[in-house]
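Student: First the structure, which I've put down as structure tokens, then a few questions once you've had a look.
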Amino acid sequence: MDKLIKNGILVLPQGHSKGDILLQGEKIKAVGGGISYDPEGIGYNPLNTEIIDAEGCLVFPGFIDTHTHFQLDNGHFTSPDDFASGSRAAILGGTTAILDFATQNRGETLAQGLANWHAMAKDKANCDYGFHLAISEWNQQISREIKEMAAAGVTSFKVYMAYDNLRLKDSEIFQIMKKVGEIGGILGCHCENGDLISCLTDQLKAKGEMDVRNHPRVRPAQVEAEAVYRYLTIAEMAGVPVNIVHLSSARGLAVVEEARSRGQEVYVETCPQYLLLEDSRYELPPRQAAVYVFSPPLRKPADQQALWQAAAAGQVDTIGTDHCSFNITGQKDQGLHDFTRIPNGIPGVSHRPQLLYTYGVAAGKISLETMARLLSENPAKLFGLYPRKGVLAPGSDADIVIWDPAKTGSIKAETQAHQVDNTPYEDFKVKGAVRAVYLRGRLAVDDKGLTEEGKGCYLARGKSLLFRQK
Ligand code: URP
Ligand code: ZN
Ligand code: ZN
């Protein structure tokens, strides 16, 4: 049966207005201001069409979170949200596609890294999914694999400038950038100066200052800004556009803007935590403060303000969650006396749309169109999924979120869909919520929750659509 979603406010790239959307099979067949009976043309056939009334609701393209870490094994702990629970939490919140970071551990080929992540996701995902590949070792053989990864649908890669088991040399990052540029992909980077972090950590250790409050002290904004500057300098020399993931600071942003003013093509992701939370959280009692141990750490109110302004002004391109959930009990609490042993990361994949709607759109900081750009359109473009995803348009996948702006609630660890015992947004009031979600034309979420398990598909992606290019 076809489906006709009627009378909603459609959030389209050119603006929002009341209209209808006709779904046929997995695709959107028509989008317009009042689709009528016309079985021969683009209209609908009432004998074969389910009518869905979206009066009073917003209708968004399915949201895409291009920064998750499901079932992440950090060498000591595995994050409890796997591809089943993580993608369930995602789609319940309106996210119909995620990109997770498959990682090539040292000693592995890229193909092995990718195969490991495919095995974790297979038959489990409740939303569509794809993979970036994080590269932790670089040599001639791995260089040759970049093309094979593109053929396997992986066109985005990540390098780390921090974490001793992952970080690469600047010369290696330079070579990776060039190779990724050759396949029309994009290289993202975790920009923190790992060498300085180790030095600052050793200094504190020598003084016995190892409680949770020290986590942000070893990762100040300078450590991010320096790494951003170095990464962008390497990109300028390689002559390729690049992406910066989870940008957290006004200082880092200023470095990006300086590079852009010289004509460099730089894409930037930030995350809800850097827009909504500040570093005073580290002064909470240790068990509570440990919730906020992730990297880069939380910053100052002035950083939040700068990032909101940048999001509104189009200087930030995407908002991902960096979802990497760990429990307090049995995981984060193992490092209360040594912050370096606290597994880094927070849950968030379910809450991103509600947080952006409440504290962005409803608060007057960003428009509906900007929200759709940051959460759907730009991620789809940058990561080779557009216009299959990211937009309400004829021919696109029928990934649709019917959003009720009148619903209110508050976020609680106890009631969240994430499979962990904490949330950094505990007691945050939220406005707006999912009424229904369609995944490639099938009703995936209704008022009772997820309708069926395991319907997510692997997304083989194409070249990046570099929308900043002049
Ligand atoms: O603390 C974080 N962000 N953990 C996940 C890994 C990463 O750096 O993105
Ligand atoms: Zn990172
Ligand atoms: Zn991450």
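Student: Checking Gly86 against (1) surrounded by 24 or more Cβ atoms within 10 Å (Cβ to Cβ); (2) away from ligand 3 (no atom under 16 Å from the Cβ); (3) in a helix (DSSP H, G or I): exactly one of these is not met. Which one?
Tutor: The failed condition is (2).
Student: Between Thr270, Thr318, Thr329, which is more than 22 Å from Phe131 (Cβ to Cβ) and either more than 16 Å from ligand 3 (Cβ to nearest atom) or touching a helix residue (DSSP H, G or I) at 6+ places or on another chain (Cβ under 6 Å) (or both)? Steps first, answer last, please.
Tutor: Details: Thr270 fails: more than 22 Å from Phe131 (Cβ to Cβ); Thr318 fails: more than 22 Å from Phe131 (Cβ to Cβ).
Just a single option satisfies the conditions, and that option is Thr329.
Student: Give the number of residues within segment 138-156 that are touching a Leu at 6+ places or on another chain (Cβ under 8 Å) and over 14 Å from Ala460 (Cα atoms).
Tutor: Initially, segment 138-156 is screened for residues touching a Leu at 6+ places or on another chain (Cβ under 8 Å), giving 138, 142, 145-146, 148-149, 152-154, 156.
Applying the additional criterion that residues be over 14 Å from Ala460 (Cα atoms) yields 138, 142, 145-146.
Final tally of qualifying residues: 4.
Student: Additional query: If I filter segment 165-187 for residues that are open to solvent by less than 10 Å² (accessible area, probe 1.4 Å), closer than 23 Å to Glu269 by Cα, within 16 Å of ligand 3 (Cβ to nearest atom) and of a type in the set (A, V, I, L, M, F, W, C), do I get at least one hit?
Tutor: Yes.
Student: In segment 411-432, is there at least one residue being assigned to a strand (DSSP E or B), surrounded by fewer than 19 Cβ atoms within 10 Å (Cβ to Cβ) and among the charged types (D, E, K, R)?
Tutor: Within segment 411-432, one or more residues are assigned to a strand (DSSP E or B), surrounded by fewer than 19 Cβ atoms within 10 Å (Cβ to Cβ) and among the charged types (D, E, K, R).
Student: Looking only at segment 1-30, how many residues end up being under 13 Å from Asp399 (Cα atoms) and open to solvent by 20 Å² or more (accessible area, probe 1.4 Å)?
Tutor: Residues meeting the conditions: 6.
Student: Right, another one. Among the residues of segment 253-266, is there at least one that is at positive phi and open to solvent by 60 Å² or more (accessible area, probe 1.4 Å)?
Tutor: Yes, some residue in segment 253-266 is at positive phi and open to solvent by 60 Å² or more (accessible area, probe 1.4 Å).
Student: Those residues that are open to solvent by 30 Å² or more (accessible area, probe 1.4 Å) and within 19 Å of Ile186 (Cβ to Cβ), I need them from segment 366-396; list them, please.
Tutor: Across segment 366-396, the qualifying residues are Arg373, Lys381, Tyr386, Pro387, Arg388.
Student: Could you identify the single residue in Thr68, Thr78, Thr95, Thr103 that is of a type in the set (S, T, N, Q), surrounded by fewer than 20 Cβ atoms within 10 Å (Cβ to Cβ) and closer than 27 Å to Phe157 by Cβ?
Tutor: Thr78
Student: Just give me the residues in segment 228-265 being among the polar types (S, T, N, Q), within 16 Å of ligand 3 (Cβ to nearest atom) and part of a helix (DSSP H, G or I), in sequence order.
Tutor: none
For (1) farther than 22 Å from Val434 by Cα; (2) surrounded by fewer than 22 Cβ atoms within 10 Å (Cβ to Cβ); (3) touching a residue at least 24 places away in the same chain (Cβ under 8 Å), each residue gets a yes or a no:
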site: Val293; (1), (2), (3): yes, no, yes
site: Ala302; (1), (2), (3): yes, yes, yes
site: Thr318; (1), (2), (3): no, no, yes
site: Asn327; (1), (2), (3): yes, yes, yes
site: Gln354; (1), (2), (3): no, no, yes
site: Gly364; (1), (2), (3): no, yes, no
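Student: Would you kindly identify the helices (runs of 4 or more DSSP H) lying entirely within segment 266-340 that contain at least 2 residues that are within 13 Å of ligand 1 (Cβ to nearest atom)?
Tutor: Hits in segment 266-340: 272-276.
Student: So Thr155 ticks every box in (1) polar (S, T, N, Q); (2) open to solvent by less than 20 Å² (accessible area, probe 1.4 Å); (3) within 13 Å of ligand 1 (Cβ to nearest atom) but one. Which box is left unticked?
Tutor: Failed condition: (3).
Student: In segment 198-251, what residues are among the acidic types (Asp, Glu), touching a Pro at 6+ places or on another chain (Cβ under 7 Å) and open to solvent by 20 Å² or more (accessible area, probe 1.4 Å)?
Tutor: If the condition is that a residue be among the acidic types (Asp, Glu), touching a Pro at 6+ places or on another chain (Cβ under 7 Å) and open to solvent by 20 Å² or more (accessible area, probe 1.4 Å), then Asp211 is the only one that fits.
Student: Does segment 33-53 contain at least one residue that is within 16 Å of ligand 3 (Cβ to nearest atom), surrounded by fewer than 24 Cβ atoms within 10 Å (Cβ to Cβ), at pLDDT 95 or above and among the hydrophobic types (A, V, I, L, M, F, W, C)?
Tutor: Scanning segment 33-53 turns up no residue that is within 16 Å of ligand 3 (Cβ to nearest atom), surrounded by fewer than 24 Cβ atoms within 10 Å (Cβ to Cβ), at pLDDT 95 or above and among the hydrophobic types (A, V, I, L, M, F, W, C).
Student: Which of the residues spanning segment 273-301 are away from ligand 2 (no atom under 16 Å from the Cβ) and of a type in the set (A, V, I, L, M, F, W, C)?
Tutor: Leu275, Leu276, Leu277, Leu284, Ala289, Ala290, Val291
Student: So which pairs qualify, if the first residue must be in segment 117-137 and of a type in the set (Ser, Thr, Tyr), the second must be open to solvent by 20 Å² or more (accessible area, probe 1.4 Å) and part of a helix (DSSP H, G or I), the Cβ gap must be under 7 Å, and the two must be at least 6 apart or on different chains?
Tutor: If the second residue must be open to solvent by 20 Å² or more (accessible area, probe 1.4 Å) and part of a helix (DSSP H, G or I), no pairs are left.
The values are calculated or read from the model by the stated rules, or taken from the named source; none is laboratory data. On a predicted model such as this, the values are computed, not experimentally measured, just so you know. No Cβ is skipped: glycine too gets one built from the backbone with ideal geometry, and neighbour counts run over all protein chains shown. Accessible surface is based on the protein model in full, side chains and every heavy atom, while ligands, DNA and RNA are left aside. Shrake-Rupley method; radii C 1.70, N 1.55, O 1.52, S 1.80 Å.
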